[in-house]
Amino acid sequence: MVVRLVIGLTLTAVAFALAGRRVLTLYRLGASGQPVEPDRTRDVGTRLAAVVTEVFGQRKLLKWSGAGAAHFAVFWGFVILGATIVEGYGALFDRDFHIPLIGTMAWLGATEDVFIVAVLVGLVAFAAIRVRQSPERAGRRSRFFGSHTGAAWLVLFMIFNVMWTLLLCRGAQINTGHFPFEHGAFASQAVADLIEPAGRDANDVLEDVGLLGTLGVVLTFLVLVVHSKHLHIFLAPFNVALSRRPRGLGALLPVYSGGKPMDWEDPGEDDKIGRGTIEDFTWKGLLDFATCTECGRCQSQCPAWNTDKPLSPKLLIMTLRDHALAKAPYLLAASDEARAALPEADRAEAERPLVGGQDVNGVIDPDVLWSCVTCGACVEQCPVDIEHVDHIVDMRRYQVMMESAFPKEAGSMMRNLERKGDPWGRGKKARLEWAVGLPFEVKVLDGEVPDDIEYLYWVGCAGSLDDNAKKTSRAVAELLHEAQVGFAVLGREEGCTGDAARRMGNEMLFQELARQNVETLNAAFGERETKKIVVTCAHCFNALGNEYPQMGGHYEVVHHTELLAKLVEEGRLVPANEVDAAVTYHDPCYLGRHNRVFSPPRAILGSVPGVRLTEMPRNKERSFCCGAGGSRMWMEETIGTRINETRTDEALSTKPDLVTAACPYCIVMLTDGVATRKQEGKADESVRVTDVSEVLLRSIRRRADMADPAPAAEPEPASAEAAAAEPAPAETGSD
């Protein structure tokens with residue numbers, strides 16, 4: 001009895017010393033990060049609810065049913081079997097120890113045994129999943145590609161050792177008469193029956209071996225956890241609780257420097273924009289890196305990785321974590337002299353630039369950084385709420401604003417935004433071309449929004465200037481007119497929302513464009529209590545609704561599919577004519593995943609007689625990006641296969657007549673993809689790409705004299721504003 005007490009306490013002291021030293025280092029490293037924006041600790045109730053549902057409820061993990069169920073069993077096994085650790089330490093001092101009050105109740109013994117068995121079953125499932133999806137078998141398509149698979153197998157082996165030593169101890173306790181439960185522990189009883197023939201003396205020894213073995217393995221596991229990716233066992237609740245709420249999607253965070261919002265009108269000399277070194281990340285960013293489970297769910301969903309580009313969200317986070325740990329001796333050194341005394345390898349790692357360039361050995365390759373489409377699939381899938389997109393954009397911000405380093409194609413787009421106010425460089429005179437030839441006047445605001453106008457129609461750069469998107473703008477205008485919804489447009493006063501500039505990393509340009517638009521919109525709405533804006537572009541929808549409040553622009557922003565679905569539901573638009581078509585629908589990332597608008601587009605299509613909707617394999621939250629987000633619309637895709645063609649292939653696999661979407665960027669990319677497949681003879685010539693509003697317009701049309709949804713421009717303009725712009729040729733940028 002004394003021997004096992006001494007051994008048990010000695011093992012505990014050694015393990016806690018080793019683990020404590022590591023935890024202290026990790027804490028000091030995390031504390032060296034920059035301050036976090038203040039709202040991370042607000043809404044305590046919401047954050048606690050997130051911990052309950054995501055950590056204890058395993059909500060995200062259970063979306064992957066097989067692996068999720070296995071993880072649920074192992075996670076809750078360790079939670080419930082914490083009682084056996086208490087019983088084990090008590091047994092070091094008293095062989096007849098039991099937890100006060102409940103320690104001899106049969107239900108507790110039975111519950112412990114149920115979870116021992118559940119954990120063992122979960123381990124078998126994990127092993128099968130890892131063998132079936134191993135990088136050796138699946139290559140890059142394995143979500144475990146690049147993960148520390150050896151450490152993962154070691155952890156599974158350690159968990160198995162905890163379970164069998166625990167069963168051995170409990171079985172021996174039954175035979176020696178020191179088991180606290182008389183009934184219910186069915187698995188322990190089975191082991192007891194198996195080892196009972198060995199006799200009392202042997203069972204006494206087996207009890208000691210099982211007890212010390214269990215505690216020893218658990219303590220070894222503790223040391224292993226704090227030195228490995230399984231640190232997420234302890235960090236996940238904190239990372240989930242401190243993550244952005246309701247989710248880390250939608251708006252990008254404003255720029256903070258030294259924990260304070262950046263003053264763009266009077267920046268300080270020491271202000272740094274974005275992240276240029278690992279210590280520029282906030283402590284929450286460092287917590288993100290340390291919490292990564294290496295599960296690869298983000299990697300498996302990433303459109304860049306799935307089209308053979310170098311970006312893997314998982315490997316990016318792992319690389320940043322490994323670099324932070326490698327640089328820790330330098331960051332935590334007490335003085336310059338202590339840093340100078342570090343080994344050359346440590347100093348060389350500390351001096352590496354965060355993002356490399358040509359002939360520069362950076363931590364992150366530029367192609368990794370610029371491959372991101374900011375679609376948010378990684379953030380959506382991450383079971384521990386890592387904010388990959390925020391970190392990528394922050395590194396882009398540093399590259400663009402501090403280093404002037406970015407893909408050259410993006411330079412043309414940004415110059416057009418600076419000079420002409422739109423990515424195409426067409427200028428203000430082209431803003432109303434989309435409305436020419438409509439059979440009614442489109443009201444252009446001149447002053448404040450009048451009382452008979454319910455919605456300000458934000459047409460957007462694409463809706464005004466792109467030929468395909470103009471069709472959508474016209475269709476929406478006709479539908480609003482048909483439903484007798486009062487609306488007006490800003491015309492020449494409308495400017496680019498700056499979404500592309502912000503996701504490129506040019507935060508200053510975004511600030512300039514956004515502030516101009518906020519001033520225009522606030523002046524237009526005046527003292528109105530309700531400031532309603534309807535938009536057709538998912539990117540404008542996200543910027544106006546989620547990011548403009550950062551600039552003082554607070555509006556009620558609705559997507560055109562939301563408004564049209566409401567008008568159909570209210571009977572103000574009645575789909576009457578049959579549209580005999582097989583249809584599939586593509587969820588735009590910035591409408592669906594970022595803003596949770598999934599039902600309205602489907603409700604519209606479902607209301608149209610004759611439409612047969614077939615979903616693509618990846619839809620709604622798991623929709624595959626079209627490839628246009630994150631400013632990739634304006635950059636050539638020279639690495640791997642084209643994202644838009646991969647998504648087009650998914651759409652064509654449903655055998656559609658119409659491929660529909662609800663964002664002009666998506667329609668551009670899918671149109672290009674379908675055209676490519678037609679040229680290759682892989683798509684029927686009759687397949688068309690269109691916005692859901694055009695499908696609805698086809699069905700509700702009643703007047704024989706109404707024009708086609710996208711007629712050629714008529715000689716007569718739709719309004720006085722358009723008339724003034726019509727005679728002059730469209731401006732073009734110097735680029």
For the range 342-354, does any single residue satisfy the condition of being farther than 23 Å from T25 by Cα, part of a helix (DSSP H, G or I) and not acidic (D, E)?
no
Filtering the range 416-456 down to residues that are of a type in the set (G, A, S) and outside any helix (DSSP H, G or I), which residue is nearest to V534 (Cα to Cα)?
G447
Which one of V162, V121 is in contact (Cβ under 8 Å) with a residue 12 or more places away in the chain and either of a type in the set (D, E) or surrounded by 21 or more Cβ atoms within 10 Å (Cβ to Cβ) (or both)?
V162
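What number of residues within the range 258-292 are part of a loop (DSSP other than H, G, I, E, B), β-branched (V, I, T) and farther than 18 Å from L509 by Cβ?
Initially, the range 258-292 is screened for residues part of a loop (DSSP other than H, G, I, E, B), giving 258-259, 262-277, 281, 292.
Applying the additional criterion that residues be β-branched (V, I, T) yields 273, 277.
The next check asks that each one be farther than 18 Å from L509 by Cβ; those that pass are 277.
Counting residues in the range 258-292 that are part of a loop (DSSP other than H, G, I, E, B), β-branched (V, I, T) and farther than 18 Å from L509 by Cβ gives 1.
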Quick one: in the range 96-116, of everything that is in a helix (DSSP H, G or I) and surrounded by fewer than 16 Cβ atoms within 10 Å (Cβ to Cβ), which residue is nearest to the chain's Cα centre (by Cα)?
W107
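Can you name the residue in the range 503-546 that is under 26 Å from R275 (Cβ atoms) and among the basic types (K, R) and, of all such residues, is farthest from the chain's Cα centre (by Cα)? Talk me through it step by step, then tell me what you get.
We begin by selecting, within the range 503-546, every residue under 26 Å from R275 (Cβ atoms); these are 503-515, 539, 542-543, 546.
From what's left, among the basic types (K, R): 503, 515.
Working: R503: 14, R515: 27 Å.
Per the criteria, the residue is R515.
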Report, ordered by the first and then the second residue, all pairs with beta carbons closer than 7 Å, sequence separation of six or more or different chains, a first member in the range 574-598 that is outside the structural domain of C663 (by TED's automatic domain parsing) and touching a residue at least 24 places away in the same chain (Cβ under 8 Å), and a second member that is buried (at least 18 other Cβ atoms within 10 Å of the Cβ) and part of a loop (DSSP other than H, G, I, E, B).
none
Suppose we keep only residues that are among the small types (G, A, S) and touching a helix residue (DSSP H, G or I) at 6+ places or on another chain (Cβ under 9 Å) within the range 339-378. Which one would you say is farthest from A405 (Cα to Cα)?
A340
Residue check, E54 against (1) part of a loop (DSSP other than H, G, I, E, B); (2) among the acidic types (D, E); (3) out of contact with any His (no Cβ under 8 Å at 6 or more places or on another chain), all met but one. Which one?
(1)
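Might you check whether a residue that is outside the structural domain of R321 (by TED's automatic domain parsing), assigned to a loop (DSSP other than H, G, I, E, B) and either surrounded by fewer than 17 Cβ atoms within 10 Å (Cβ to Cβ) or in contact with an Asp or Glu (Cβ under 8 Å, 6 or more places away or on another chain) (or both) occurs anywhere in the range 73-82? Write out each step before concluding.
If we filter the range 73-82 for residues that are outside the structural domain of R321 (by TED's automatic domain parsing), which is where we start, we get 73-82.
Next cut, assigned to a loop (DSSP other than H, G, I, E, B) only: 81.
Within this subset, residues satisfying the condition of being either surrounded by fewer than 17 Cβ atoms within 10 Å (Cβ to Cβ) or in contact with an Asp or Glu (Cβ under 8 Å, 6 or more places away or on another chain) (or both) are 81.
Yes, some residue in the range 73-82 is outside the structural domain of R321 (by TED's automatic domain parsing), assigned to a loop (DSSP other than H, G, I, E, B) and either surrounded by fewer than 17 Cβ atoms within 10 Å (Cβ to Cβ) or in contact with an Asp or Glu (Cβ under 8 Å, 6 or more places away or on another chain) (or both).
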What residue, among those in the range 572-625 that are among the hydroxyl-bearing types (S, T, Y) and in a loop (DSSP other than H, G, I, E, B), is farthest from V659 (Cα to Cα)?
Y590
Sole exception among (1) closer than 30 Å to K309 by Cα; (2) touching a Phe, Trp or Tyr at 6+ places or on another chain (Cβ under 9 Å) for F144, by number:
(2)
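Residues G268, G285, G296, G259: which one is in contact with a strand residue (DSSP E or B) (Cβ under 7 Å, 6 or more places away or on another chain) and among the small types (G, A, S)? Spell out the reasoning first.
On the way: G268 fails: in contact with a strand residue (DSSP E or B) (Cβ under 7 Å, 6 or more places away or on another chain); G285 fails: in contact with a strand residue (DSSP E or B) (Cβ under 7 Å, 6 or more places away or on another chain); G296 fails: in contact with a strand residue (DSSP E or B) (Cβ under 7 Å, 6 or more places away or on another chain).
When all the criteria are applied, what remains is G259.
How many residues, within the range 501-559, are in a loop (DSSP other than H, G, I, E, B) and crowded, with 21+ Cβ neighbours inside 10 Å? Please lay out each step first, then the result.
Within the range 501-559, the first condition is being in a loop (DSSP other than H, G, I, E, B), and the residues that meet it are 505-506, 526-531, 536-537, 552-555.
Next, from what is left, pick out any that are crowded, with 21+ Cβ neighbours inside 10 Å: 505-506, 536-537, 553.
Of the residues in that region, 5 qualify.
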Which numbered condition T641 misses (of (1) out of contact with any helix residue (DSSP H, G or I) (no Cβ under 8 Å at 6 or more places or on another chain); (2) of a type outside the set (K, R); (3) outside any helix (DSSP H, G or I); (4) over 18 Å from V373 (Cβ atoms)):
(4)
Hey, does the range 43-51 have a residue that's at pLDDT below 95 and not in a helix (DSSP H, G or I)?
yes
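Taking the criterion of being of a type in the set (D, E, K, R), touching a helix residue (DSSP H, G or I) at 6+ places or on another chain (Cβ under 6 Å), touching a residue at least 60 places away in the same chain (Cβ under 8 Å) and on the phi < 0 side of the Ramachandran plot, would at least one residue in the range 82-93 satisfy it? Let's see the steps before the verdict.
First, the residues of the range 82-93 that are of a type in the set (D, E, K, R): 87.
If we keep only those that are touching a helix residue (DSSP H, G or I) at 6+ places or on another chain (Cβ under 6 Å) as well, we get none.
Checked against the condition, which is being of a type in the set (D, E, K, R), touching a helix residue (DSSP H, G or I) at 6+ places or on another chain (Cβ under 6 Å), touching a residue at least 60 places away in the same chain (Cβ under 8 Å) and on the phi < 0 side of the Ramachandran plot, the range 82-93 yields no hits at all.
Against the definition (surrounded by 21 or more Cβ atoms within 10 Å (Cβ to Cβ), within 26 Å of A462 (Cα to Cα) and among the polar types (S, T, N, Q)), how does T584 come out, yes or no?
Working: surrounded by 21 or more Cβ atoms within 10 Å (Cβ to Cβ): yes; within 26 Å of A462 (Cα to Cα): yes; among the polar types (S, T, N, Q): yes.
Yes: the conditions hold for T584.
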Flag for V51 being aliphatic (A, V, I, L, M), without any contact (Cβ under 8 Å) to a residue 40 or more places away in the chain and assigned by TED's automatic domain parsing to the domain that holds Q173:
no
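Within the range 265-291, take every residue that is more than 16 Å from D394 (Cβ to Cβ) and either of a type in the set (A, V, I, L, M, F, W, C) or in the same structural domain as Y398 (by TED's automatic domain parsing) (or both) and give me the one that is farthest from the chain's Cα centre (by Cα).
Of the residues in the range 265-291, the ones more than 16 Å from D394 (Cβ to Cβ) are 265-270, 290-291.
Going one step further and asking which of them are either of a type in the set (A, V, I, L, M, F, W, C) or in the same structural domain as Y398 (by TED's automatic domain parsing) (or both), we end up with 290-291.
Working: A290: 17, T291: 15 Å.
Only one residue tops the list, namely A290.
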Quick one: count up the residues across the range 28-47 that are in contact with a helix residue (DSSP H, G or I) (Cβ under 7 Å, 6 or more places away or on another chain) and of a type outside the set (D, E, K, R).
7
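Residues to consider are T497, T472; find the one that is modelled with pLDDT of 95 or more, polar (S, T, N, Q) and in a loop (DSSP other than H, G, I, E, B).
Values: T472 fails: in a loop (DSSP other than H, G, I, E, B).
After ruling out the rest, the residue left standing is T497.
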Can you work out which of the residues in the range 615-648 that are polar (S, T, N, Q) and in contact with a Cys (Cβ under 8 Å, 6 or more places away or on another chain) is nearest to T307 (Cα to Cα)?
N644
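Specify which of the listed residues (D208, D193, D201) is under 19 Å from D94 (Cβ atoms), surrounded by fewer than 22 Cβ atoms within 10 Å (Cβ to Cβ), over 44 Å from the mean Cα position of the chain (by Cα) and in the same structural domain as I102 (by TED's automatic domain parsing).
Values: D193 fails: under 19 Å from D94 (Cβ atoms); D201 fails: under 19 Å from D94 (Cβ atoms).
Unique residue meeting the criteria: D208.
The values are calculated or read from the model by the stated rules, or taken from the named source; none is laboratory data. Model, not experiment: these values are computed from the prediction. Methodologically, a virtual Cβ is constructed for each residue, glycine included, from the backbone with ideal geometry; neighbour enumeration extends over all protein chains shown.
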